[in-house]
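Written below as structure tokens is the structure these notes are about.
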Amino acid sequence: MVTVTILVTGGAGFIGSNFIFYWMENHADDRVVCLDKLTYAGNLSTLEPVMDKPNFRFVKGDICDKNLVLDLFRTERPEYVVNFAAESHVDRSIDGPEVFLRTNILGTAALLDACREFGVGRYHQVSTDEVYGDLPLDRPDLFFTEDTPLHTSSPYSASKAGSDLLVLSYVRTYGLPATISRCSNNYGPYQFPEKFIPLMVINALNNKPLPVYGDGLNVRDWLHVKDHCRAIELILRNGRAGEIYNIGGHNEKRNIDVVKLILQELNKPESLIQYVADRKGHDRRYAIDPQKIHRELGWTPQTEFDDGIRRTVRWYVSSSDWWREIVSGEYQEYYRKTYGGI
Ligand code: NAD
Ligand code: TDX
């Protein structure tokens with residue numbers, strides 16, 4: 001059997017770690033190398049189950065560090081590179097855009113240059129539906145397709161759009177065999193507690209107020225992280241170089257309805273809900289048209305939201321050791337700054 005080396009950046013974060021578990025389960029003979037800076041969002045404890053495996057290597061480092069990246073390519077010669085490493089939280093990008101530009105754009109550039117120098121079978125950029133901006137609530141007939149113009153709202157989404165354009169420029173200029181996926185909101189285990197679903201679950205467990213931005217009617221298109229990982233696997237293996245693939249499962253939910261579902265699941269009162277000031281530039285609705293990946297690669301999501309969200313809530317209930325450990329002093333400070341007195 002032909003085995004490959006796959007370099008996964010940002011593999012100590014939410015989606016990257018789930019992808020590493022998925023890949024090692026389904027490609028037991030491949031070598032997986034994880035490069036991660038271990039920012040506040042990266043947690044080595046998440047990778048404990050694979051840390052001692054002989055075909056896994058963890059490297060602590062910054063994707064912006066060109067020499068480190070080149071050295072890593074020189075020694076590992078990866079066939080596949082999947083770039084999950086990013087600053088990923090919209091609220092943090094509103095407070096401080098610079099690190100988003102650095103990691104998401106310059107970091108992507110460093111990886112692309114290494115791919116150019118050493119050659120790879122495939123570079124895959126993990127992007128987001130946020131690059132398309134948002135859709136109005138009163139036009140449920142509209143969806144993001146791969147041809148929807150880029151129209152970003154936050155420094156986060158602008159930095160992701162910038163990196164997407166850079167990837168496409170390397171395809172056109174240097175013939176780099178690269179692909180891009182733009183996925184909707186993910187949920188599942190190991191998501192950092194600053195994000196909507198784990199934040200609401202953990203606050204509810206602690207009987208703390210659940211801060212809902214604005215009127216709570218913003219819509220997100222939720223996808224279980226494992227379905228995202230399967231989609232990336234299919235794109236790596238069978239996707240056409242130079243192409244963009246949207247990933248989403250037609251699973252639109254209003255924020256307030258997700259919060260109520262979580263409270264119901266935990267048997268907690270709706271009086272915990274607290275409406276707070278809206279996020280600046282808050283996108284109203286995201287909705288993906290996934291026809292291309294379905295038609296070309298046969299991908300469809302396998303997890304029903306009702307089942308996936310219940311399992312996810314249960315996971316956070318039974319994994320308090322994991323989230324207690326990572327909710328560090330830095331996070332407490334961030335929480336106070338973002339949510340004020342509540
Ligand atoms: P995350 O914040 O949970 O994890 C990011 C990881 O990248 C962390 O382990 C962090 O330590 C690492 N990292 C950050 N800066 C780095 C640097 N300079 N060098 C090396 N490592 C660095 O993010 P996530 O939610 O897992 O998202 C992963 C990717 O998927 C991101 O590119 C994000 O834009 C994209 N995405 C996320 C979602 C979602 O719903 N979470 C949806 C669509 C796309
Ligand atoms: O405290 C909160 N209260 C609240 O109402 C938080 C943290 C969020 N929200 C709302 C804002 C959004 O409408 O919930 C929704 C989801 O918020 P986030 O979890 O911050 O996700 P979002 O901004 O939609 O972006 C996510 O999906 C696309 C990821 O964080 C991005 O990395 C990804 O690209």
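The values are calculated or read from the model by the stated rules, or taken from the named source; none is laboratory data. These numbers were taken from a predicted model, which means no experiment stands behind them. As a convention, Cβ positions derive from the backbone with ideal geometry for all residues, glycine included, and neighbour counts pool all protein chains shown. SASA here: full protein model, heavy atoms, side chains in, ligands and nucleic acids out. Shrake-Rupley method; radii C 1.70, N 1.55, O 1.52, S 1.80 Å.
May I ask for the net charge around THR108, where only other residues with Cβ less than 11 Å from the Cβ of THR108 are counted and Lys, Arg are +1 while Asp, Glu are -1?
Values: positive: ARG102, LYS160; negative: ASP113, ASP164.
Residues close to THR108 contribute a combined charge of 0.
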Would any residue of region 166-189 have its amide N under 16 Å from a label point 7 Å out along Cα→Cβ of ASP113? List them or say none. 166-167, 170, 174
State the Cα centre-to-centre distance between region 168-198 and region 115-161 in whole Å. 8
Which of the lysines could be linked to LYS195 by a straight reach, that is with a Cα gap under 22 Å, when you skip same-chain ones fewer than 8 residues away? LYS37, LYS160, LYS208, LYS226, LYS253, LYS260, LYS268, LYS280, LYS337
Given a Förster distance of 30 Å, report the FRET efficiency between GLN264 and GLN302 from their Cβ-Cβ distance, rounded to the nearest 0.05. 0.80
Take the Cα atoms of region 190-342, find their three principal axes, and give me the spread along each one in whole Å, biggest first. 50, 33, 30
Relative to the longest principal axis of the C-alpha atoms of the chain, give the angle of the C-alpha long axis of helix 305-318, reported between 0 and 90° and rounded to the nearest 10°. 90
Considering the chain as a Gaussian network with a 10 Å cut-off on Cα pairs, which listed residue, ASP164, ASP113, ASP141, attains the greatest mean-square fluctuation? ASP141
Would you kindly derive the ³J(HN,Hα) couplings of region 200-216 from the backbone phi angles with the Karplus curve 6.51 cos²θ - 1.76 cosθ + 1.60 (θ = phi - 60°), listing them in order in whole Hz, with x for Gly and Pro? 5, 5, 5, 4, 4, 4, 8, 6, 9, x, 9, x, 9, 6, x, 8, x
Can you give me the long-range amide H partners of ILE288? Hydrogens built in the peptide plane at 1.01 Å from N, cutoff under 5 Å, separation of 5 or more residues or another chain. PHE144, HIS250
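Per residue, how much accessible surface does the chain expose to a 1.4 Å probe? Answer in Å², no decimals.
Values: 14530 Å² over 342 residues.
Accessible surface, normalised per residue, equals 42 Å².
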Using a 1.4 Å probe on heavy atoms of the protein chains only, the accessible area for ASP289 in Å², nearest 10, reads 30
For ALA178, what residues show an amide H to amide H distance below 5 Å, using hydrogens built from the backbone and excluding near sequence neighbours? TYR123, GLY242
May I ask for the angle, rounded to the nearest 10°, between helix 14-26 and the longest principal axis of the chain, with both axes built from Cα atoms and the value confined to 0 to 90°? 50
Nitroxide proxy distance, nm - points 7 Å out along Cα→Cβ at SER318 and ARG254: 3.3
Simple spin-label model, 7 Å along Cα-to-Cβ: TYR275 to SER169 in nm? 4.4
For the chain, the longest principal axis of the Cα atoms and the Cα long axis of helix 255-266 enclose an angle in degrees, to the nearest 10, of 80
Tell me the mean residue ellipticity at 222 nm calculated for the chain from its helices only (DSSP H runs of n ≥ 4, each -39500 (n - 2.57), averaged over every residue, nearest 500). -12500 deg cm²/dmol
Rg and Dmax [Cα atoms of the chain; Å; Rg one decimal, Dmax integer]: 19.3, 58
Taking the chain as a Gaussian network, where each spring joins two C-alpha atoms under 10 Å apart, which residue of THR173, THR145, THR108 fluctuates the most? THR173
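Could you work out what % of the accessible surface of region 164-280 is carbon and sulfur, using a 1.4 angstrom probe and leaving DNA, RNA and ligands out of the count? Each step should come with its number before you reach the end.
Numbers: 2070 of 4410 Å².
After summing per-atom areas, the C and S share lands at 47 percent.
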What ranking of GLU194, GLU304, GLU330 comes out by heavy-atom accessible area, probe 1.4 Å, highest first? GLU304, GLU330, GLU194
Quick check: Cα centre of region 1-57 to Cα centre of region 251-275, how many Å? 33
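Tell me the carbon and sulfur percent of the accessible area for region 286-342, rounded to whole percent, probe radius 1.4 Å. Walk me through the numbers on the way to the answer.
Working: 1440 of 3200 Å².
Its accessible area is 45 percent carbon and sulfur atoms.
Taking all protein chains as present, what is the carbon and sulfur share of the accessible area of region 20-81, in % to the nearest whole number, probe 1.4 Å?
Working: 1400 of 3050 Å².
After summing per-atom areas, the C and S share lands at 46 percent.
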If DNA, RNA and ligands are ignored and the probe is 1.4 Å, what is the ranking of LEU150, LEU266 by accessible area, most exposed first? LEU150, LEU266
Taking Cα pairs closer than 8 Å and at least 6 residues apart, the relative contact order of the chain in percent is 18
